[in-house]
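Asks: One structure follows; several queries about it will come next.
The values are calculated or read from the model by the stated rules, or taken from the named source; none is laboratory data. It should be emphasised that the depicted structure is a prediction, and the values quoted were computed from it without experimental measurement. Positions of Cβ are generated from backbone atoms using ideal geometry, with glycine treated the same way; all protein chains shown enter the neighbour counts.
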Amino acid sequence: MKIPLLTTAFAAILGLALAGAPITAQAQTTDTNAAPATATTPAPAAATATAPATASTPAKAPKVKKTNYTATLTAIDTTANTVTVTTTSKKKGAKTLVLSIDATTKVSRDKNTATLADFKVGEKVSGSYVTETTGTLTAATLNFYTPKPPKPKAQPAPAPAMTPAPATTPDSATNAAPATTPAPATTPATPPVQ
């Protein structure tokens, strides 16, 4: 009893899959010289749900690994749309990269869209690049940020101001030491000339 039931279910599923295949194949053809397609009877909903999905699912593109960099801009070639940068790393040492700039590269200066003409040799730049299958390095991003001015160093607190001595009162005048004033310069007395 189980075998006829399984055979019937398998035949029904196979029939629905085959019925949906021509409709799927017609939807995928893109011949630009062919006459416009005529209206066809849509397949039942069950047939489209059981049709294999591998025929209509596009292959996933491989992930592209981006490599970040921070470097000094050493050359700009607006004709070839390339920039040359030199990175410095304590681990890897200095490294010179020639980065190709294409239509997908996001170029910015202080968070605003920019062009290669907005950059100057010697500026610090950062961004990311991808290595193409041909070995070409293509910049994904090229950024320049104006460095913030350094904060001023904290000034030492000023010395306390000199306050005048308190005024003396009659009581304190008797106990206080007499005020000293510089004595006038004395010169030796010379006898008058006769």
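Asks: If you check 139, 117, which single one turns out to be of a type in the set (A, V, I, L, M) and part of a helix (DSSP H, G or I)?
Replies: It is 117.
Asks: Turning to a different aspect of this structure: Can you tell me which residue is surrounded by the fewest Cβ atoms within 10 Å (Cβ to Cβ) among those in the stretch 99-155 that are of a type in the set (Asp, Glu) and within 16 Å of residue 85 (Cα to Cα)?
Replies: Step one: list which residues in the stretch 99-155 are of a type in the set (Asp, Glu), which gives 102, 110, 118, 123, 132.
Restricting the remaining residues to those that are within 16 Å of residue 85 (Cα to Cα) gives 118, 123.
Numbers: 118: 14, 123: 17.
Result: 118.
Yes or no, residue by residue, for (1) at pLDDT 80 or above; (2) out of contact with any Phe, Trp or Tyr (no Cβ under 9 Å at 6 or more places or on another chain):
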{"position": "85", "(1), (2)": "yes, no"}
{"position": "103", "(1), (2)": "yes, yes"}
{"position": "114", "(1), (2)": "yes, no"}
{"position": "119", "(1), (2)": "yes, no"}
{"position": "134", "(1), (2)": "yes, yes"}
{"position": "138", "(1), (2)": "yes, no"}
{"position": "142", "(1), (2)": "yes, no"}
{"position": "152", "(1), (2)": "no, yes"}
{"position": "188", "(1), (2)": "no, yes"}
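Asks: Using the structure shown, decide if residue 79 is more than 23 Å from the chain's Cα centre (by Cα), hydroxyl-bearing (Ser, Thr, Tyr) and modelled with pLDDT of 65 or more.
Replies: Here the answer is yes, as residue 79 does meet what is asked.
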